[in-house]
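Novice: Before I ask anything, here is the structure I am working with.
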Amino acid sequence: MIELKGVYKAFGRHPVLKGIGLKVAKGEVVVVIGPSGSGKTTLLRCINFLEKADEGELTIGQNHYHFKHASKKDILSVRRQTAMVFQSYNLFNNKTALDNVTESLIITRGVAKNEAEAIGRRLLDKVGLTDKYDAYPCRLSGGQQQRVGIARALALNPEVILFDEPTSALDPELVGEVLAVIKKVAREGITMIVVTHELAFAADVANHVVFMDGGIIVEEGTPQQLFFHPKAERTQQFLKRILPEWNYDI
Amino acid sequence: MNFDFHFMMIAMKEAIRYTPVTLLLAFVPFVLGILLGTLIALVRLFHVRILGRLMQVYIVITKGIPVILQILIIYFVMVQGFDTIADRFHWSLHSKDINVIYVALTALFTVAVANISETIRGALMAVNRGQYEAAYSVGMTHNQVLRRIILPQALPAALPMLCSNLIGIMKSTSLVFMISVVDLMNAALITATANYKYLEAYVAAAIVYWVLNGTIEKISLILEKRFSVYRKEGVF
């Protein structure tokens, strides 16, 4: 279980997160939606300390952390319980697809090399990259790179995987293959927090949808509630602008 | 003008005989410069409080002074400094007993470190931020991030510039004749003192330097190819 309480973060004098609270049960898929600049990505980055939040608390399983007073050890421990999939993939450029997946297993978890490679191959098979074990990232398409990114996150067997707009940098043709993989992973009961603009996808896989705007959570609920019976005016406004594009799919 | 080819060959033989001195003067500062230069680059990149500032001052000063002046200043500081200390403690050892090659090595080292640390700092900055973030996000420590992900990408990128740093040092070594170290160039010049055929001696030394630096360039190209397997081929 992941719990956030009172997360506050400002860049200089400009507040980006104004007291966010969020609860994610084990195996739940939480999708965070909202307009650009609403603080979605910053929230995600605060969870694994890529940004340091100014205030707030984080609970992962039995462990509690204060953002303000987190020590180096705390930060490392949080990062080892979480994994992140980036908008721009951020695969290690100097490593092959397989090494990208096994690197952290070997280096940070102390898994033996052959064991790590077995895990790595299994995960690359799962994301449909059986023939790309030895390819360097520069030889892979965006969709393939992102699938390696997902395999890298899965390898760590984390408490939660954080997806930061995983399909925003892909061209429309490749979005499908990545979403399919994320869906597959979601069905296996891995806890996920997904920031995305793909509302149809959100409606399909989310257990819980959160709508953020201006650094606060405006509204949250099941996809059914949030998409079809939004209460807040701001949510209605936001959905009205985007909904017609995917209304037919549902 | 008549050019004495025969004498040029004699001067060149002498120059080649002293090439190991030049190589020593170039490679020792270069290798130590990479080690210390990487540390300085990291210290400056991560804004380590006092040390980072200090190194910045050192680099700004070193970069702005001609190499020949640095060699001469360090020569006089080391010689006079040593003699003062020797007098104070009544040592029997004096500065004239010390091989000047150590003075030359020290001077070239201070120059090399400043240049190489700037090269490596540039290469480190060229590594995408996302690479750091991804490495931190999978739970690596600072050391692991640098050793496993960042430096393996930065150093190959720095290779062409490091090569020109090395060539720069190699050429600077010729200045040590000012403090009477006998290196490649000084050896060639000494042969000419008897007959004043300096032009031949200069050309002889120039050819040897050119061959050395050409070889370095060639090796650098081979290394570049080897280290950049993960980069896209194609356009360049």
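Novice: Under the rule of at least 5 residues apart or a separate chain, name every residue whose amide H is placed under 5 Å from the amide H of A:Gly56.
Specialist: A:Tyr8, A:Phe67, A:Lys68
Novice: Moving on to the next point. With θ set to phi - 60°, apply the Karplus curve 6.51 cos²θ - 1.76 cosθ + 1.60 along the stretch A:79-91 and write out the HN-Hα couplings as whole Hz, x wherever there is a Gly or Pro.
Specialist: 5, 7, 9, 10, 9, 10, 10, 9, 4, 9, 6, 6, 5
Novice: Using only Cα atoms and rounding to the nearest 10 degrees, what angle (0 to 90) does helix A:142-155 make with the longest principal axis of chain A?
Specialist: Helix A:142-155 and the main axis of chain A meet at about 80 degrees.
Novice: Residues with amide H under 5 Å of A:Ile216's amide H, sequence separation 5 or more or different chain, H placed in the peptide plane at 1.01 Å from N; which?
Specialist: Hits under the 5 Å cutoff: A:Lys18.
Novice: Let me ask another. Past the 21 Å Cα-Cα mark, which pairs from A:Lys184/A:Lys240; B:Lys13/B:Lys218; A:Lys18/A:Lys40; A:Lys26/A:Lys184; A:Lys113/A:Lys184; A:Lys5/A:Lys52?
Specialist: In this structure, A:Lys184/A:Lys240; B:Lys13/B:Lys218; A:Lys113/A:Lys184 exceed 21 Å between Cα atoms.
Novice: If you average the sequence gap of Cα pairs under 8 Å that are 6 or more apart and divide by the length of chain A, what percent do you get for the contact order?
Specialist: 26 percent
Novice: Right, here's the next one. Quick one: what are the phi-derived ³J(HN,Hα) couplings along the stretch B:75-85, Karplus 6.51/-1.76/1.60 with θ = phi - 60°, whole Hz, x for glycine and proline?
Specialist: Once rounded to whole Hz, the list reads 4, 5, 4, 5, 5, 5, x, 5, 5, 4, 5.
Novice: Any idea of the accessible area per residue across chain A, 1.4 Å probe, to the nearest Å²?
Specialist: For chain A, the solvent-accessible area averages 44 Å² per residue.
Novice: A further question on this structure: Report the local net charge at B:Thr191: Lys and Arg +1, Asp and Glu -1, summed over other residues whose C-beta lies under 15 Å from its C-beta.
Specialist: Here the count lands on -1.
Novice: Which value in Å is the Kirkwood Rh of the stretch B:66-133 over different Cα pairs?
Specialist: One over the average 1/r among Cα pairs gives 14.6 Å for the stretch B:66-133.
Novice: Could you tell me how far the Cα centroid of the stretch A:1-73 sits from the Cα centroid of the stretch A:85-138, in Å?
Specialist: Taking the Cα centre of the stretch A:1-73 as reference, the centre of the stretch A:85-138 is 28 Å away.
Novice: Calculate the mean, over all residues of peptide A:106-116, of how many other protein chain Cβ atoms lie within 10 angstrom of the residue's Cβ.
Specialist: Averaged over the peptide's residues, the number is 2.
Novice: Further question: Please name whichever of B:Gly168, B:Ile40, B:Tyr209 sits farthest to the positive end of the charge dipole of chain B, dipole taken about the Cα centre and charges placed at Cβ: Lys and Arg +1, Asp and Glu -1.
Specialist: Value computed over the given set: B:Ile40.
Novice: When you look at the Cβ of every residue in A:85-92, what mean number of other chain Cβ atoms sits within 10 Å?
Specialist: 5
Novice: With θ taken as phi - 60° and the coefficients 6.51, -1.76 and 1.60, list the Karplus ³J(HN,Hα) couplings across the stretch A:49-56 in order, rounded to whole Hz; mark glycine and proline as x.
Specialist: 6, 6, 10, 9, 5, 6, 9, x
Novice: Semi-axes of the equivalent ellipsoid for the stretch B:5-232, please: Cα gyration tensor eigenvalues, times 5, square-rooted, ordered largest first, whole Å.
Specialist: Values for the stretch B:5-232, descending: 38, 26, 12 Å.
Novice: Can you give the % of DSSP beta bridges in the protein assembly as shown that are antiparallel, to the nearest 5?
Specialist: Percentage antiparallel, nearest 5: 60.
Novice: From the gyration tensor of the Cα coordinates in the protein assembly as shown, what semi-axes in whole Å does the equivalent ellipsoid have, largest first, with each one equal to sqrt(5λ)?
Specialist: Square roots of five times the eigenvalues give 61, 26, 19 Å.
The values are calculated or read from the model by the stated rules, or taken from the named source; none is laboratory data. All values derive from a computational prediction rather than experimental measurement. Positions of Cβ are backbone-derived with ideal geometry, glycine not excepted, and every protein chain shown enters the neighbour counts. The area values use the complete protein model at the heavy-atom level, side chains included, leaving out ligands, DNA and RNA. Shrake-Rupley method; radii C 1.70, N 1.55, O 1.52, S 1.80 Å.
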